[in-house]
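**Q** A single structure is presented below for examination.
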Amino acid sequence: MTDAALFGALAAHLTGLAALPDALAAPLAVSLSDGPLFGLPLADLWFALLFFLLGTFLFLDGFDFGAGALFATREDDEQRETILAAIGPFWDGNEVWLVVFGGATFAAFPPVYANLFSRHYLLMFAILAALFLRGLAPEMYEQRHDDGWQRWWGRSFVVGSVAAPFLLGVFVGNWLVGARSTVTLVGAVVGVAVVALTVVTGAAFLRLKTRGALRDDVRWYGERAAAAYLVAVVAALAAAAAAAPRVAAAVTAPVSVALVAVSVAATGGTVAAMRRDADLVAFAASGVVVYALAALVCALLSPVADPATDLTVQEAVVSTIPLNLMSVAAAVLLPLVLTYFGVLYSAFSGPIEAGDAY
């Protein structure tokens, strides 16, 4: 074979290889645009995923909020330091789930993100301010050890820890009934329910992480917060049903009734486990309560994504190709993130020892 023929054959071979990615990409592009991957109801799955992410934030950062609320009940400096040391390795990582929730809403349901967040932008800024105060206060608390300084930042820590879940509950309550105003009865009652729930999870967490008088005392607050949560949830459902006929019809649906039953049973299980010193069971049961609440809100909303604009889940979701691509990415990345958090919590498991500090 001549050199020219050899180079010609090589060029033809390289041209064929260069065209190979295009040949592979073409069927992939067609398959991504044909419809949802594997025929799955991706729009509904992504809507459910939003509330899984919101529930994960409410559970993981919720016990931080609850610990911050219980901080107000402590007068002993050592016990206060123990509470701060207990949440120190976790709280900033836990807040990532709120960012992921907002990002997923923007990516999968942009009209919902635009309409919902713009209607309640002042509430969003208030939530961020509360989170900022809750994060800043422990750092400042540790900078000086005079009474006035620590009293001020200790109170700031408590205010941020209570205000953040309350305002988040207001946001969810307003979303549920399609409220256009920030201050609503439904939002306020849901906010109270969320604060009570964070105290339950906070008490369960502190019983895992502490010993002695502090561990015994937080059970008393956890039991009463559990009772307050159940009362507040019933009041919230009644207020939401009165404000929105759609919610009134959805409350009696089998799925909603089942989720309410699970929530009540898990709340009772949390209290029973704390009384029996089964602290890990109590913490897990409190997590079931949180996820049941998030699932209940999802069930009451669906198939509507934004009641204020009457946008359904199917109308609000992005087009097929980006939805499929995001689904593949979520299927890969979400297990990795969950694994990371599993490793994090395993590394910092066990009770706080004497001398441990924030």
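The values are calculated or read from the model by the stated rules, or taken from the named source; none is laboratory data. Treat the numbers as computed from the prediction; the structure is a model and nothing was measured. Cβ sites come from the backbone with ideal geometry, for glycine too, and all protein chains shown count toward neighbours.
**Q** Does residue 179 count as assigned to a helix (DSSP H, G or I), of a type in the set (A, V, I, L, M) and either surrounded by 16 or more Cβ atoms within 10 Å (Cβ to Cβ) or free of Cβ contacts under 8 Å to residues at least 60 places away in the same chain (or both)?
**A** Numbers: assigned to a helix (DSSP H, G or I): no; of a type in the set (A, V, I, L, M): yes; either surrounded by 16 or more Cβ atoms within 10 Å (Cβ to Cβ) or free of Cβ contacts under 8 Å to residues at least 60 places away in the same chain (or both): yes.
So residue 179 does not fit the description; no.
**Q** May I pose another question? Out of everything in region 302-350 that is hydrophobic (A, V, I, L, M, F, W, C) and in contact with a strand residue (DSSP E or B) (Cβ under 6 Å, 6 or more places away or on another chain), what residue ends up being nearest to residue 252 (Cα to Cα)?
**A** 304
**Q** Kindly list the number of the only condition in (1) under 30 Å from residue 297 (Cα atoms); (2) free of Cβ contacts under 8 Å to residues at least 40 places away in the same chain that fails for residue 162.
**A** In the conditions (1) under 30 Å from residue 297 (Cα atoms); (2) free of Cβ contacts under 8 Å to residues at least 40 places away in the same chain, residue 162 misses (2) alone.
**Q** A follow-up question, please. When residue 194 is evaluated against the numbered criteria (1) without any contact (Cβ under 8 Å) to a residue 24 or more places away in the chain; (2) crowded, with 22+ Cβ neighbours inside 10 Å, which criterion, by number, is the only one it fails?
**A** Result: residue 194 fails condition (1) only.
**Q** Restricting attention to region 321-340, which residues are over 22 Å from the mean Cα position of the chain (by Cα) and surrounded by fewer than 16 Cβ atoms within 10 Å (Cβ to Cβ)?
**A** Across region 321-340, the qualifying residues are 321, 322, 325.
**Q** Out of region 276-297, which residues are in contact with a helix residue (DSSP H, G or I) (Cβ under 7 Å, 6 or more places away or on another chain) and either surrounded by fewer than 16 Cβ atoms within 10 Å (Cβ to Cβ) or charged (D, E, K, R) (or both)?
**A** From region 276-297, those in contact with a helix residue (DSSP H, G or I) (Cβ under 7 Å, 6 or more places away or on another chain) are 279-283, 285-297; that's our starting set.
Within region 276-297, 279, 280 meet the criteria.
**Q** Could you check how many residues of region 198-250 are under 15 Å from residue 271 (Cβ atoms), crowded, with 18+ Cβ neighbours inside 10 Å and of a type in the set (D, E, K, R)?
**A** Of the residues in region 198-250, 2 are under 15 Å from residue 271 (Cβ atoms), crowded, with 18+ Cβ neighbours inside 10 Å and of a type in the set (D, E, K, R).
**Q** If you take the residues in region 80-95 that are assigned to a helix (DSSP H, G or I) and surrounded by fewer than 16 Cβ atoms within 10 Å (Cβ to Cβ), which one is modelled with the highest pLDDT?
**A** 93
**Q** Okay, next question. If you check every pair at least six apart or on different chains, which have Cβ atoms under 9 Å apart with a residue in region 298-314 that is touching a residue at least 40 places away in the same chain (Cβ under 8 Å) and acidic (Asp, Glu) first and a residue that is outside any strand (DSSP E or B) and crowded, with 16+ Cβ neighbours inside 10 Å second?
**A** Cβ pairs passing all conditions: 306/109; 306/112; 306/115; 306/116; 306/175; 306/178; 306/316.
**Q** A further question on this structure: Just to be sure before I move on: is residue 186 within 18 Å of the chain's Cα centre (by Cα), farther than 16 Å from residue 80 by Cα and buried (at least 19 other Cβ atoms within 10 Å of the Cβ) in the structure I sent?
**A** no
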